[in-house]
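The values are calculated or read from the model by the stated rules, or taken from the named source; none is laboratory data. Predicted, not measured: the structure shown is a model, and the values here were computed from it. FYI the Cβ positions are ideal-geometry reconstructions off the backbone, even for glycines, and counts take in every protein chain you see.
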Amino acid sequence: MMSTSNHAQTDRTPVSDADVCIVGAGPAGAIVAQRLAASGASVVVLEAGPRFDGDRREQLERHVRPGLGTPWEMGGPRDEFTSSGESFYPLNAGRVKGVGGTTLHWQGMVMRLHERDFELDSRHGVGADWPISYTDLKPYYAAAERELGVAGAVDNPYAPPRDEAYPLPAFPPSYSDSLFAEACERLEIDMHSVPSARNSEPFDGRSPCVGYGTCKPVCPSGAKYTAESHVEKAESAGARVVDHARVRRLEHDESGTSVVAAVYTTPDGETHRQTADEYVLACGGVENVRLLLLSASDQYPDGLANSSGVVGQYFMEHLFAGMGGRLDRPTRQNHVGFNTSETHQFYDDSEPVNGLKLEFLNYAGPSPVVDALHAETWGDELRTQLADAYGTHIAMGALVEQLPRADNYVTLDTETTDDLGDPVPEVHWSVDDQTRAALARANEIQASVMDELGVDVEWTVGPDNTGPAFHHMGTTRMGTDPETSVVDGECRSHDLQNLWIAGSSVFPTGGAMNPTLTIAALSLRLAESIQGRMP
Amino acid sequence: MRLTRRDAIAVLAGLGIVGGGAVAIDRFDPPTAESDDGDRDDIPQAVVVSTMVAAGEVVYPSETEGIREFVEAYVLGRTRDEERGAQLRAAAAELDAVARDWHGEPFSDLPRDERDSLLRELGADTADPVADGTLSERIRFHVVNELLYAFYASPTGGRLVGIENPIGYPGGTESYQRATTAETEDG
Ligand SMILES: Cc1cc2nc3c(=O)[nH]c(=O)nc-3n(C[C@H](O)[C@H](O)[C@H](O)COP(=O)(O)OP(=O)(O)OC[C@H]3O[C@@H](n4cnc5c(N)ncnc54)[C@H](O)[C@@H]3O)c2cc1C
Ligand code: SF4
């Protein structure tokens with residue numbers, strides 16, 4: 001089948017006199033690009049993947065109908081990787097390469113980290129402190145919520161302090177939330193809304209949600225935020241965004257204090273050098289590491305920005321815990337593809353110290369159309385099967401924090417190369433006992449709710465069968481000490497004065513909140529810092 | 001339960017295809033190809049439509065009415081995508097050819113239970129759907145799954161199994177809040 005990605009852009013040569021070169025067009029890079037282009041800087045964005053033009057019909061079909069491949073064309077020779085840890089790490093399920101980055105596929109839950117997340121070491125003697133506090137980031141969180149068009153309500157008693165309403169009204173709770181509410185009330189568990197980067201009404205020239213129910217991996221209506229919005233705005237403000245431009249190394253000057261070029265290869269096989277005054281790495285938590293390590297030089301044999309030796313270390317994920325089953329009543333699942341209630345009541349507990357948040361799912365159990373396409377029969381028999389299978393499923397999810405550990409890391413697998421001949425990323429990851437204990441705690445709370453509600457539990461995801469939520473954090477950590485961290489509190493590398501890192505790789509700890517609002521807030525702050533250095 | 005042209009257009013709209021089936025069938029009959037380069041451009045649309053309708057009568061629940069109107073509109077919209085349209089037409093024509101070979105009749109003239117067993121004998125019930133695969137895989141993809149998608153991604157088909165706003169159908173943000181299945185699309 002024809003692909004929507006194309007090589008339509010033909011001129012992929014470097015921009016002369018660029019002020020800023022950004023590598024990666026996901027939200028981390030696109031937000032920096034938009035801000036700096038709007039302030040008058042000459043900005044070029046180099047993006048490894050394609051532009052997915054046109055409507056999202058092909059991705060929708062690929063998602064719903066078996067036999068059409070993956071929606072965002074991930075997993076070819078370009079995307080080779082090695083998983084070497086105790087737990088297999090399915091990297092290509094957890095990222096997208098293209099204009100918009102992984103937000104093309106994401107779910108779009110966006111919440112702020114809690115105050116304690118910035119000071120876990122001081123408060124609890126675990127993990128690390130951030131060099132910045134929640135108060136430092138607070139105005140940028142508010143700005144990030146405006147940028148992403150977050151729909152939310154100020155109804156969460158456990159959320160950190162905020163000074164303003166959300167830009168869009170929250171999505172009302174689902175019918176199944178109302179079923180959970182009765183049980184949670186008896187258990188004294190407070191439910192509240194979920195901030196969502198998804199239009200509850202028209203916003204920013206994009207449609208309101210129309211209920212396709214396929215948010216992850218594709219929103220055909222454009223209601224779900226993707227970083228394509230910021231790419232578009234950056235381009236209108238004069239930025240040049242080059243797709244199919246794979247940056248393979250960064251070169252530095254003789255003194256080793258500045259980056260002088262980003263070297264990239266285009267589909268015609270040509271290799272180009274983009275020069276600029278400032279460089280922003282925004283390739284996601286795995287490829288940021290890879291590019292720094294691929295940029296090793298005589299002066300920096302262990303890779304760029306790595307005099308500390310910690311580039312790649314402290315890889316963290318959020319772990320999923322879940323439980324579900326069937327109820328004796330209709331539960332009305334799979335109408336929409338996002339959740340409308342969570343509880344953050346247990347997030348700040350010190351036993352376990354790992355953050356944990358609980359989700360009430362709106363997409364438990366099967367979808368009849370998807371089941372029909374996999375069924376081995378049709379006609380009346382199929383109809384009966386589908387009607388029996390659908391209707392009474394109910395489930396909860398949870399995300400659990402994993403603390404930073406040096407033995408979870410990303411490095412280069414020098415034995416394996418991609419289609420350009422460059423070593424691929426190796427993810428070495430396992431789930432430690434402390435995280436397992438926190439997963440067990442999440443299951444315990446879920447079990448109490450299921451029991452109170454009278455659910456016949458059919459499945460549990462917990463310590464022994466957990467999986468990652470695809471949040472790649474911690475691998476170029478932020479800190480004040482150049483001996484133990486990669487970037488400073490402004491996200492600028494300690495070693496090279498014009499190299500900045502955007503994205504969740506700078507998180508010293510990851511809490512248990514989905515990371516992208518924090519990524520966006522840090523990008524806005526980083527753009528301001530670069531702006532301050534411009535003539 | 002009656003399917004309508006409107007249901008088909010709703011599913012097509014969800015797929016980004018507008019105005020499916022608004023035009024009469026014969027408009028879509030491609031001119032008879034002179035060349036015989038095997039690209040199956042010469043397959044009459046009427047054969048494609050009648051074969052798909054006849055297959056719809058097998059794969060849809062027996063109480064379904066309005067299958068002809070629904071499938072016609074859906075197939076016409078669907079075959080506007082050149083590559084997919086050509087593959088779908090070819091798969092339908094092959095199914096028809098097998099029926100003529102084995103039973104001496106067009107697929108659409110066979111009694112319903114014979115159509116059902118023919119599809120099963122071809123392995124279309126258990127084959128993986130593959131757009132350019134073996135005959136059974138192609139029939140599963142372009143005939144069986146195309147028809148099942150159209151049916152169960154439509155509000156009318158979905159309602160029959162309990163969900164009036166199925167995945168793939170932009171049925172709004174009211175239904176997820178309601179306790180019961182709405183009787184009609186609008187209320
Ligand atoms: C299934 C799923 C669900 C998710 N749901 C949520 C959610 O609900 N809430 C939330 O907050 N987060 C969620 N996330 C995570 C979220 O998508 C990421 O946090 C976010 O996209 C990271 O932004 P980024 O810009 O740092 O990286 P990315 O979005 O991954 O973008 C990086 C870009 O850099 C490009 N790139 C990489 N290497 C190079 C190179 N060498 N040269 C040029 N370009 C390069 C890539 O092609 C890519 O386009 C989800 C992720 C997945 C997979
Ligand atoms: S339910 Fe999800 S996919 Fe559908 S329109 Fe709303 S945001 Fe988009």
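Only one entry of A:Gly489, A:Gly511 meets the criterion of being in contact with an Asp or Glu (Cβ under 7 Å, 6 or more places away or on another chain) and of a type outside the set (Lys, Arg), and that entry is A:Gly511. Checking each residue in the range A:58-92 for being acidic (Asp, Glu) and either surrounded by 19 or more Cβ atoms within 10 Å (Cβ to Cβ) or in a helix (DSSP H, G or I) (or both) picks out A:Glu58, A:Glu61, A:Glu73, A:Asp79.
A:Ala159 meets all of the listed conditions (1) of a type in the set (A, V, I, L, M, F, W, C); (2) within 14 Å of ligand 2 (Cβ to nearest atom); (3) farther than 24 Å from A:Gln333 by Cα but one, namely (2). Within the range A:40-57, the set of residues being away from chain B (no Cβ under 14 Å) and either crowded, with 17+ Cβ neighbours inside 10 Å or part of a helix (DSSP H, G or I) (or both) comprises A:Ala41, A:Ser42, A:Val43, A:Val44, A:Val45, A:Leu46, A:Glu47, A:Ala48, A:Gly49, A:Pro50, A:Arg51.
Residue-by-condition table, conditions (1) part of a strand (DSSP E or B); (2) under 30 Å from A:Ser295 (Cα atoms); (3) among the hydrophobic types (A, V, I, L, M, F, W, C):
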residue	(1), (2), (3)
A:Ser308	no, yes, no
A:Gly337	no, no, no
A:Asp348	no, no, no
A:Leu382	no, no, yes
A:Ala387	no, no, yes
A:Gly391	no, no, no
A:Val400	yes, no, yes
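Taken together, the residues in the range B:105-126 that are more than 19 Å from B:Tyr60 (Cβ to Cβ) and touching a Lys or Arg at 6+ places or on another chain (Cβ under 7 Å) amount to 1. Would you be able to say whether some residue in the range A:60-67 is modelled with pLDDT of 95 or more, under 24 Å from A:Gly467 (Cα atoms) and either assigned by TED's automatic domain parsing to the domain that holds A:Asn334 or not hydroxyl-bearing (Ser, Thr, Tyr) (or both)? No, the range A:60-67 has no match at all.
Please tell me if A:Val218 is within 14 Å of ligand 1 (Cβ to nearest atom) and either more than 14 Å from every other protein chain (Cβ to nearest Cβ) or surrounded by fewer than 18 Cβ atoms within 10 Å (Cβ to Cβ) (or both). For A:Val218, the condition - within 14 Å of ligand 1 (Cβ to nearest atom) and either more than 14 Å from every other protein chain (Cβ to nearest Cβ) or surrounded by fewer than 18 Cβ atoms within 10 Å (Cβ to Cβ) (or both) - is not met. Scanning the range A:425-451 for residues that are part of a loop (DSSP other than H, G, I, E, B) and either surrounded by 22 or more Cβ atoms within 10 Å (Cβ to Cβ) or of a type in the set (Asp, Glu) (or both) yields a count of 2.
You will find that of A:Gly467, A:Gly503, the residue that is farther than 20 Å from A:Gln313 by Cβ, of a type in the set (Gly, Ala, Ser), within 22 Å of the chain's Cα centre (by Cα) and within 16 Å of ligand 1 (Cβ to nearest atom) is A:Gly467 and no other. Of all residues in the range A:203-225, none are outside any loop (DSSP other than H, G, I, E, B) and among the hydroxyl-bearing types (Ser, Thr, Tyr). Based on what the data block shows, is A:Arg186 within 14 Å of another protein chain (Cβ to nearest Cβ) and in contact (Cβ under 8 Å) with a residue 60 or more places away in the chain? No. Summed over the range A:247-273, residues that are within 11 Å of ligand 1 (Cβ to nearest atom) and surrounded by 22 or more Cβ atoms within 10 Å (Cβ to Cβ) total 4. Of all residues in the range A:524-535, at least one satisfies being among the β-branched types (Val, Ile, Thr), within 17 Å of A:Ile31 (Cα to Cα) and either within 16 Å of ligand 2 (Cβ to nearest atom) or touching a helix residue (DSSP H, G or I) at 6+ places or on another chain (Cβ under 9 Å) (or both). Take the residues in the range A:58-67 that are facing chain B (nearest Cβ under 7 Å) and touching a residue at least 24 places away in the same chain (Cβ under 8 Å); name whichever of them is farthest from B:Asp125 (Cα to Cα). Selected residue: A:Leu60. Being buried (at least 17 other Cβ atoms within 10 Å of the Cβ) and not in a loop (DSSP other than H, G, I, E, B) is the filter here; which residues of the range A:452-494 pass it? Across the range A:452-494, the qualifying residues are A:Leu453, A:Thr460, A:Val461, A:Pro468, A:Met473, A:Met478, A:Val487, A:Arg492, A:Ser493. When A:Ala227, A:Ala181, A:Ala144, A:Ala170 are checked against the criterion of being buried (at least 19 other Cβ atoms within 10 Å of the Cβ) and in contact with a strand residue (DSSP E or B) (Cβ under 9 Å, 6 or more places away or on another chain), a single residue qualifies: A:Ala170.
Restricting attention to the range A:364-374, the residues that are more than 7 Å from every other protein chain (Cβ to nearest Cβ) and either crowded, with 20+ Cβ neighbours inside 10 Å or assigned to a helix (DSSP H, G or I) (or both) add up to 4. Taking the condition assigned to a strand (DSSP E or B), among the aliphatic types (A, V, I, L, M) and more than 10 Å from ligand 1 (Cβ to nearest atom), does A:Val241 pass? Spelling it out, A:Val241 is indeed assigned to a strand (DSSP E or B), among the aliphatic types (A, V, I, L, M) and more than 10 Å from ligand 1 (Cβ to nearest atom).
Candidates A:His230, A:His244: the one that is closer than 21 Å to A:Arg51 by Cα, within 18 Å of the chain's Cα centre (by Cα), more than 8 Å from ligand 2 (Cβ to nearest atom) and not hydrophobic (A, V, I, L, M, F, W, C) is A:His230.
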